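*Asks:* Please see the structure below; I have some questions.
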Amino acid sequence: MRPVFGEYYITKDKFFNQPGDLRDQVRRSSLSVSNNIAEGFERGSTAELLAFLYIARGSCGETRSMLLFTERFGEAAHLKSQISDLKSKAESCSRQIRGWADNLQNSDIKGQRHLNENTRGIYDQRKRAEAFDKQIKEIVRKARPQDYPVE
């Protein structure tokens with residue numbers, strides 16, 4: 001079974017033990033994904049987290065680019081399956097980060113750093129009001145099913 005960091009596993013192959021910094025760059029860019037997410041999260045604001053999420057996506061792209069470069073070498077033919085698997089994982093990671101970023105962009109929460117008793121109270125009150133509104137709509141829908149046809 002391969003370790004979680006497949007890029008590290010694959011860079012132990014003899015192909016990567018040649019002059020140049022391909023091995024180190026693949027390792028740095030793949031590790032940069034999680035490091036940027038962690039740093040952005042720890043900054044405590046949604047805006048900074050978003051910025052670091054996009055940097056992390058860039059690192060996913062950089063890793064994919066280097067894997068594409070690597071698979072074009074005949075000397076790396078024995079790594080074809082592993083490279084394909086890692087490219088798919090990097091693409092999936094990039095899509096997930098994009099989904100998270102899209103969700104955050106549509107959020108009214110500015111981040112943990114901006115929360116205080118007043119803003120938490122406003123946020124909690126809004127959530128309770130939304131839940132109450134949903135309950136009322138469900139009660140009305142049950143009481144007047146003829147006004148709410150099943151789709």
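*Asks:* Mind checking whether some residue in segment 101-110 is within 27 Å of the chain's Cα centre (by Cα), within 22 Å of residue 17 (Cβ to Cβ), among the hydroxyl-bearing types (Ser, Thr, Tyr) and at pLDDT below 90?
*Replies:* Taking every residue of segment 101-110 in turn, none turns out to be within 27 Å of the chain's Cα centre (by Cα), within 22 Å of residue 17 (Cβ to Cβ), among the hydroxyl-bearing types (Ser, Thr, Tyr) and at pLDDT below 90.
*Asks:* Can you spot a residue in segment 90-110 that is farther than 19 Å from residue 35 by Cα, touching a residue at least 60 places away in the same chain (Cβ under 8 Å) and of a type in the set (Lys, Arg)?
*Replies:* Yes, that holds for at least one residue.
*Asks:* Under 9 Å between Cβ atoms, which residue pairs at least 6 apart in sequence (or on different chains) link something in segment 1-24 that is closer than 16 Å to residue 86 by Cα and aliphatic (A, V, I, L, M) with a partner that is at pLDDT 60 or above and not in a helix (DSSP H, G or I)?
*Replies:* 22/11
*Asks:* Please verify whether residue 38 is assigned to a helix (DSSP H, G or I), under 13 Å from the mean Cα position of the chain (by Cα) and surrounded by fewer than 14 Cβ atoms within 10 Å (Cβ to Cβ), treating the condition exactly as stated.
*Replies:* yes
The values are calculated or read from the model by the stated rules, or taken from the named source; none is laboratory data. Given the structure is predicted, the values throughout are model-derived calculations rather than measurements. Reconstructed Cβ throughout: ideal geometry from the backbone, glycine too, with neighbour counts over all protein chains shown.
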